[in-house]
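Since the structure comes first, as structure tokens, the remarks are kept for the end.
The values are calculated or read from the model by the stated rules, or taken from the named source; none is laboratory data. Here the structure is a predicted model, which means the values were calculated and not measured. Ideal geometry is used to build each Cβ from the backbone, glycine not excepted, and the neighbour counts take in all protein chains shown. Note: accessible area is taken over every heavy atom of the protein model, side chains too, but ligands, DNA and RNA are not part of it. Shrake-Rupley method; radii C 1.70, N 1.55, O 1.52, S 1.80 Å.
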Amino acid sequence: MPIKSSPAPLAISEIVTEFGDDAGGSDSLSEYYKGGANVNDVATNSNIPTSGAIDIGDFYGAGNAVSVAASAGTNIDVAPLFGSPDTFTNAVSKILTIAAPIQIVGNNVALTVPSSMAGTLDIQNAGNIIGSRGGGGNAGSGGGNPVGGAGSAGGAAISVQKAGVTINNSGTISGGGGGGGGGGLGANSSSSNTVNFGSANYSGTRGWQQNFGPHGSGGGASGFYDGVNFGPAGSTNTTSISQNSPPGSGTMNRGNPLGDGGGAAAHSKRYNVGGGSYQQTTTTPGGAGGNGGNGYGFDSSSVVNAQSGASGSSPGGANGGDGGGAGAAGSAGSNSPANNGGAGGAGGNSITSPGSVNYSVSNSGTINGTQG
């Protein structure tokens, strides 16, 4: 436990009890400079000098730090590393050492300091702490999702959930890269051509029907030819009608009658086809967009580099966006003339915390990603 606070009297024997005596023999304050053999250089001991004049009053509130070393792992919760739950939740100074080349990774956050912590924690990192990669967005396709999908965000390297944490980094702390957005589905294209046809006898797929009202009055004409419909339009004297379904600029001419009878009631008479044309339109679907590239970071099995977005398919599929590097956002997917690409995923934070939780960072290594 930390040494008592001022103004209670303090004896050198209490300092020895708290910090130990590495040299043995008679005790002197000069054995208890911060950063020396007995006293850790941690925030709790900030009033203790590292050299020069030293006074017993410098030790009020100071305390011996509990130090543990981390091993490589995934989704590390700091609390269990200190063994007894009391150690992590008591107001003692704690040191977590991550030596090179140890690597700590996460499927989202690699290393978490939970809110149950009491006292202070000094994280001394010389290894590599890496958040998860963001996944690339899906390509826009003709299956009902023509717009490119958004890339997902990269994961954070360290999450600090309680104040009192100091991070001394000489290694690498990297948030995951955001995934690239998927490319948009290409635009459909169409082409038309005219098909000419000659005369044909009336059948179930080719023919002309002339409609008459009561006593032969009124009426109009309609025709059909291999699935193309003409009319209805005109009157009993109409001999040419325009293409109706599918829409087009073709026409059908009336041929010879089949000699159907009439009568006083409304009726229709059949005619052969006298030739004509129809317009045929062919639609080519747009090509699928490209998938977005995955970002840098841990992918549940290993740490991967950022990937480039895939190229869109012909015709006209837009390219997927590139995945982001360490701590960087992914690129948006490209737009086609018909459909937008997806947004790139945000880069993962190197260090993240709730807004009310403060921490401090000293860095002589590499930190990739926003601290927030």
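Number of residues in segment 190-217 that are open to solvent by 30 Å² or more (accessible area, probe 1.4 Å) and either under 56 Å from the mean Cα position of the chain (by Cα) or in contact (Cβ under 8 Å) with a residue 24 or more places away in the chain (or both) equals 19. Inside segment 263-298, residues that are open to solvent by less than 30 Å² (accessible area, probe 1.4 Å) and under 30 Å from Ala332 (Cβ atoms) make up a count of 9. The residues of segment 346-372 that are of a type in the set (S, T, N, Q), within 15 Å of Gly176 (Cα to Cα) and part of a loop (DSSP other than H, G, I, E, B), listed by number, are Asn349, Ser350, Thr370. Please find, within segment 23-59, the residue that is nearest to Thr166 (Cα to Cα) out of those that are within 46 Å of the chain's Cα centre (by Cα) and open to solvent by 50 Å² or more (accessible area, probe 1.4 Å). Ranking the qualifying residues of segment 23-59, first place goes to Ala43. Entry remark, segment 230-276: residues being more than 16 Å from Asn211 (Cβ to Cβ) and touching a His at 6+ places or on another chain (Cβ under 9 Å) number 0 in total.
Taking every residue in segment 114-128 that is in contact (Cβ under 8 Å) with a residue 40 or more places away in the chain and under 15 Å from Ser174 (Cα atoms) and pairing it with any residue that is hydrophobic (A, V, I, L, M, F, W, C) and open to solvent by 50 Å² or more (accessible area, probe 1.4 Å), at least 6 positions away or on another chain, the pairs with Cβ-Cβ distances below 7 Å are Ala126/Ala100; Gly127/Ala100.
All of (1) closer than 24 Å to Val165 by Cβ; (2) of a type in the set (A, V, I, L, M, F, W, C); (3) at pLDDT below 90 hold for Ala8 with one exception: (1).
The sole residue among Ala91, Ala62, Ala53 that is assigned to a loop (DSSP other than H, G, I, E, B), out of contact with any strand residue (DSSP E or B) (no Cβ under 8 Å at 6 or more places or on another chain) and touching a residue at least 12 places away in the same chain (Cβ under 8 Å) is Ala91.
Residue by residue, here is whether (1) of a type in the set (Gly, Ala, Ser); (2) open to solvent by less than 40 Å² (accessible area, probe 1.4 Å); (3) over 18 Å from Asn145 (Cα atoms) holds:
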position: Ser300; (1), (2), (3): yes, no, yes
position: Gln307; (1), (2), (3): no, no, yes
position: Pro315; (1), (2), (3): no, no, no
position: Gly324; (1), (2), (3): yes, yes, yes
position: Gly327; (1), (2), (3): yes, yes, yes
position: Gly330; (1), (2), (3): yes, yes, yes
position: Ala343; (1), (2), (3): yes, no, no
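In the set (1) surrounded by 16 or more Cβ atoms within 10 Å (Cβ to Cβ); (2) under 30 Å from Gly276 (Cβ atoms); (3) under 30 Å from the mean Cα position of the chain (by Cα), the condition left unmet by Gly231 is number (3). Could you give me the residue pairs with C-beta distances under 6 Å whose first residue belongs to segment 347-372 and is more than 20 Å from Ile130 (Cβ to Cβ), whose second residue is open to solvent by less than 30 Å² (accessible area, probe 1.4 Å) and at pLDDT below 95 wherever it lies, and which are 6+ apart or on separate chains? The qualifying pairs do not exist here. When segment 81-97 is filtered for residues that are at pLDDT 95 or above and open to solvent by 50 Å² or more (accessible area, probe 1.4 Å), only Leu81 remains.
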